[in-house]
Each structure stands twice: as C-alpha cells, then as structure tokens.
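Written out below as structure tokens is the structure these notes cover.
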C-alpha cells in the first residue's frame, strides 16, 4: 500500500462491508459455533458501518442482523446498506433484548467475546443460550488496515499536524505574550476541525513545567508557561470514526544541558523504535528496543509507560508494545512509537509518531516537524 | 439545598471523600461480604477523587487501597489524599493485577458489580477469589447529589447556557449569512470553554432539516441551515468531572402551522414532565406523564426515546425515566426532562432541561431561554 503525497481529502474510498461480512462468514463456517454475537460498537461499525451508540449484531448462516433502538432506526438503515444487514428497531431495551434472543434461537453454540461483554449480560444470555467464549475475530481483522482505513487515519493525522504547526508560535512566551496549557489545548482542538477533523481523537494533553510535564496523562489547567519549562503536547484528530495520535515536546527558552541530554535520549529511543518496527518483529521487542536504550543510559526509572499501541477505530487497540505483550507486528498495522521520560522536579519529554507498517518497512503518517527548542534551534 | 442566584465559580466546595468512605465501610460491615472491589472509574472518582483512566479500589476492613499504573502515580497520590486511600503504583498490568489479588487475599467473599465488570475479568478473578455479584452501592449513592456536586453541575449548565445564548444569532440565516450544523457545533464547544467549562459533556448535536432533525442522535455535518428547517441543538458542558445536558429547538424563518403545533405539543409535554417531577414519583410515571400527553394528541409514533435520565459523573446514569423503569425519584436527584417528537420529512423538536429534585419540588439548573422562532417571536 502506498500513500498519496498530500493528505487524503473527502470523499474517501468506500468501505467494502460486504467483503468483510463474507470473510467473517467463512470463518464462522469453519468453526464449531452456529453464530457470532457482536456487542462491541467498534467491531459493529467495522463490520456494518453503523456508527450509533447502541446495537447488537448477529451473524448466523447467511443472515446478518443488527438490532438498535429507535433513536437510530433511520441512521442504521442508511449506514448499513452496504453490509446487507437486516435492521431491527425497538424503542424499549427489553424488547430489543428479546429480538436478540429470537435471532439466536435454536443455536447450539453462540460465540461471544468475554473481553467486551459485561458479566451481567453474559449471565443473562447464558440462561437461554449456550455461549462460547471466543476472542473477537473482528478485533483481529481490525488490526490490519485497508486503504480506506489508512486514508481516514492519514487525514486525521494531517489535521493534527496542521493544528500543531499553527499553535507552536504560542510557545514563544515573553512578558508581552503569556499562554496557559488550557489556551493551547483549546486552540489545538478548535483548529483540528478547521483542518478537516470531525473532532479531536481524545482529550488533548498539554503538560508543562517541573510537576505537570512529569505526569504522562496530565489534564491541561490554567498554568501559564514560563522560561525553563519542559512542555509535552499530545494531540490527535478523529475523521470518520478513525483516530490519530501524536506527541511533540519542547523547552521554553534556553534549554539546559540536562534538558538537551534527556530530550536527545528520548529522540534516540524514538528513532530506534521506528527503525526496528517492521512486519515480523514482536511488539515486546519494539518496546525493548526503546526501553533498553534508555536503561543503558541510566534512565530506566524515568520510563513510566509502554512504548506504543495500535490506532484505528479505537485510540488504543492491539497490538500493544509492552514488556508483557505476546503480539507480533504485521503489514497493515498502524501503531504509535512513543517513548517518554518523566521525573518530578524536571518535567518530561515524549515523542510520538503514528506509523503504518508496510510489506517492506514502515511509513510515518505523522509529518509535523520536531522543533524541541523553538527559541534556540 | 438551595442554589445561589448566580452560577457557581471556582474554587467549588470540596468533596468530603472521607465521609463517603466511612458510609461505605458501614454498609460493608453490615453485609456478608469481607471486601468490595470497585472497577468503575466513575465510582472510583466519587469515592476517592482519582480522575485517571486506569484503577481498581479495594475496601476491606479499615483499609482502602487504590491501584493504578505509572502514568498516574503522582496524580493518584495528590487526588486521593482526602480519602485516606493507600496508593499502589505498578507499571505493568500483570503486576498491578497481582497486587489486586494480594489486597483481597484471604477474603471469604468479595463483592463486585457484574454490570461494570467484563466477563473476562470476572472469570479471571473467580479463579482465586470467591466473588459475590452485587450492584454497586456507590452507583446508588451517586444518584443523590450533595452541594459540592450540584455546584459543579450548575457551573457546567451555566457554561452551556452562555454558549448557546451567544450562538443563537447564527440561526438568523439569509442570503448574506449561511451557517452549517458543524459551524454551530464548533462555536458551541469552543465557547463553553470560554465560559468556564473544562470540556463539552458529549459530542454536541446540531440536527437540521426534514431528514437530519428527524434523527434524535444525528452527528452534525456540513449541511447548511435553510428557511423552513426545524433545528435541534443538544449541548452540555463538563466541569470537574460533572456533566450538564440541555436541548433547545428552533424553526428557521416563518414557522408553519404544523411546526407550531408540534412544537407546542413538545413544550406541553416538557412542562407536564417538570410539573410532575418530585420526590416519591416513579421514573416510569415521569415518562408516562409526557408520553401519554403526546399519545392523546395522536403523535405516539413520533416519540422515539425515553423521557430522561440522571446526570452526574456520567452523562447518562440512573434514574432513567422509561416505560420499563423500576426506579423512584428522590430529593438530590439531578435528571433531564427531554420529550422529543421526530418524523422523517418533517424534522423534529426536543426540549430538555436539567432539573434538581428538592425536598419540596424541583429547581431547574438550565436557564437558557426557549426561543423556538427566532425571526418571529
């Protein structure tokens, strides 16, 4: 798969929902189960196109049935037309649950993912059905992105790139220009939409100074940026259901030797992770490449989180680059590489790009430049 | 409880986490369980103050323990100081899970809510622990808001009120001023922050015209508002973790007789619902008051959703006003009353206020005026 030079724009390539349904049906035919019951809304969106907040889907023989409530009746019919799903609409939850049982009645074995089903729902269904705990085959399929998906993720990444580039000038603070974390956050989220995003992907992080930048998931507050601060900006956009994810880090004013050294170490870890990322490597090894480099430099206890994760219909999805991961990277994965170093009293740095794994290497979907020292390049 | 005349501003009243923990401990002492394990992040925030995205909490005897990952170590310690929780931080999920088992080791019966626990997690825990399926006592307690909570919800409602009032002038469309659903949505979300919100409460709905306003949960798109449209704007803010929720409806240009009639019916249902809302009424009856009025007028099949829900740390929480509800309204509940009528080809109207139930009636937290016909008042 190769990407166009410019960011993709609407209308994007259409999804082939019917092919996805057929592939899943072939898997079901080969299994010992009579039907699949899907409850995860991202799985349901991937399979049928439905984007509402309440639905179940049953795949059984040649039937594909989607149940939803009356808020979404008209939308479900139009969005799922390409999947061939039969849409059932009930206003009341109890009736919608009854219709789910009807769609599955007589099945000897219904496959269901226990990781996305509450114990309450499982127990309730198990009164009437013989359930098989199976990991969702859609979650597995979703890890390998097709061209239509990469287009949307690329457009989301481009919206975040453009917003960040515009907002970086706010970091040149002096007596005449003061700016808070929240003001930067507000501008980023507003500008991503002006650059084509439907929304932000997640609550944007702007973390500054010796305490707040030392918290990897700090929520922006009214703190004003001052000379000497380290600043972490973690920002992504949402386009047609697909997320992007990126982080850039900065020093306000003249960087100290320690700031230059720690930033250089994060940068080296980030580059090593990207160089290592390819089809066939384990997600554990991707994590180890970055983590070992930091450990050898004596900063192991500054490395507070795992090195990355898949991105698609969810902002965090498989594969996960962590020391305990058992996953393997394959072509079509879209993942972050995001080493970070944090220390109370110092602050922190994180660098994160969004990367498409290809047949023969990888390709970055993030194009925002890395300009850690805006005043002193 | 009485509210100040003006919207509350920061700093808000502090939460009494220690009292909440003590009340819960008294409940546990009276029960047959040795410990409670909490997994729902809203429950955990309510009990301890922790606002991160990954945690478990164990309440056992005089011990309160919160486990989280290394992204949140420093934040967990500062946020939970008032609750007396002991904070455990582990970088790896597997180790954090081990620490959870340790905190519960030797318990003869661990209470856990099956409605907020996945079947995977339940099954995993059940290998080592004797689990009791119990509805969360925190979710029950969360339904009755204290002064500190009502302050935050009121501030959120006020931010949405102020943003909506400013944005209503965009509805005066003519040849010189065109506006899309998305542009209105963007302005609302931007302006709520300028009026003190941390964020929007949920993805703002702006739904216009004969098709899109007929979808109760339409996602705003590039459609431009034109004369004759019905328009639904459903907007809320988030303040310190607490949500608000409000809907106003409009006609662009001169309303037709049918538009006036349907709007009047929604308005009558809304007023009847608010008049009925009081401590002691069932949530089912609140729904019925609005629904029956619409049914008698011959519009039953335009009434596509239930009549309201509780609002707090979640945008949708108990109690739920629906035909199948078994809940009863009590003083301290903060709930929406939001009847709506929708028809493909016509469009739709919904009116929604956020209401605090008091000892002797109710009090609206929403103050935005209802101006359905901006050009023809």
Scanning for something under 24 Å from residue B:323 (Cα atoms), touching a strand residue (DSSP E or B) at 6+ places or on another chain (Cβ under 8 Å), away from chain B (no Cβ under 14 Å) and part of a helix (DSSP H, G or I), does the stretch A:86-100 turn up at least one residue? yes
Determine, yes or no, whether residue A:33 is in a loop (DSSP other than H, G, I, E, B), buried (at least 17 other Cβ atoms within 10 Å of the Cβ), more than 14 Å from every other protein chain (Cβ to nearest Cβ) and touching a residue at least 24 places away in the same chain (Cβ under 8 Å). yes
In the set B:154, B:201, the lone residue that is crowded, with 20+ Cβ neighbours inside 10 Å and out of contact with any strand residue (DSSP E or B) (no Cβ under 7 Å at 6 or more places or on another chain) is B:154
Taking into account only those residues within the stretch A:50-77 that are in a loop (DSSP other than H, G, I, E, B) and surrounded by 22 or more Cβ atoms within 10 Å (Cβ to Cβ), which is nearest to the other protein chains (Cβ to nearest Cβ)? A:69
Return yes or no: is residue B:363 modelled with pLDDT of 95 or more, outside any loop (DSSP other than H, G, I, E, B), within 13 Å of chain A (Cβ to nearest Cβ) and farther than 28 Å from residue B:211 by Cβ? no
Taking the stretch B:128-156 and the residues there that are under 30 Å from residue A:123 (Cα atoms) and part of a helix (DSSP H, G or I), the one that is farthest from the other protein chains (Cβ to nearest Cβ) would be B:141
If we keep just the residues of the stretch B:101-127 that are in a loop (DSSP other than H, G, I, E, B) and more than 8 Å from chain A (Cβ to nearest Cβ), which is surrounded by the most Cβ atoms within 10 Å (Cβ to Cβ)? B:113
Filtered residues of the stretch B:309-341 (kept if more than 14 Å from every other protein chain (Cβ to nearest Cβ) and either in a strand (DSSP E or B) or farther than 23 Å from residue B:361 by Cβ (or both)): B:310, B:313, B:317, B:319, B:328, B:334, B:335, B:336, B:337
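Determine whether residue A:293 is part of a strand (DSSP E or B), in contact (Cβ under 8 Å) with a residue 24 or more places away in the chain and either within 14 Å of chain B (Cβ to nearest Cβ) or on the phi < 0 side of the Ramachandran plot (or both). Spell out how you get there, then give the answer.
Values: part of a strand (DSSP E or B): no; in contact (Cβ under 8 Å) with a residue 24 or more places away in the chain: yes; either within 14 Å of chain B (Cβ to nearest Cβ) or on the phi < 0 side of the Ramachandran plot (or both): yes.
Judged against the criteria, residue A:293 is not a match.
Among the listed residues B:330, B:262, B:251, B:311, identify the single one that is over 16 Å from the mean Cα position of the chain (by Cα) and within 24 Å of residue B:203 (Cα to Cα).
Details: B:330 fails: within 24 Å of residue B:203 (Cα to Cα); B:262 fails: within 24 Å of residue B:203 (Cα to Cα); B:311 fails: over 16 Å from the mean Cα position of the chain (by Cα).
Residue meeting the stated conditions: B:251.
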For the stretch B:174-287, which fully contained helices (runs of 4 or more DSSP H) count at least 2 residues that are outside the structural domain of residue B:45 (by TED's automatic domain parsing), in contact (Cβ under 8 Å) with a residue 40 or more places away in the chain and under 29 Å from residue B:328 (Cα atoms)? B:257-276
Sole residue being surrounded by 17 or more Cβ atoms within 10 Å (Cβ to Cβ), in contact (Cβ under 8 Å) with a residue 24 or more places away in the chain and not assigned by TED's automatic domain parsing to the domain that holds residue A:163, chosen from A:319, A:339, A:372: A:372
Note on residue B:261: of the conditions (1) under 30 Å from residue B:177 (Cα atoms); (2) away from chain A (no Cβ under 13 Å); (3) buried (at least 24 other Cβ atoms within 10 Å of the Cβ), unmet is (3)
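The values are calculated or read from the model by the stated rules, or taken from the named source; none is laboratory data. Computed from a predicted structure; not experimentally measured. No Cβ is skipped: glycine too gets one built from the backbone with ideal geometry, and neighbour counts run over all protein chains shown.
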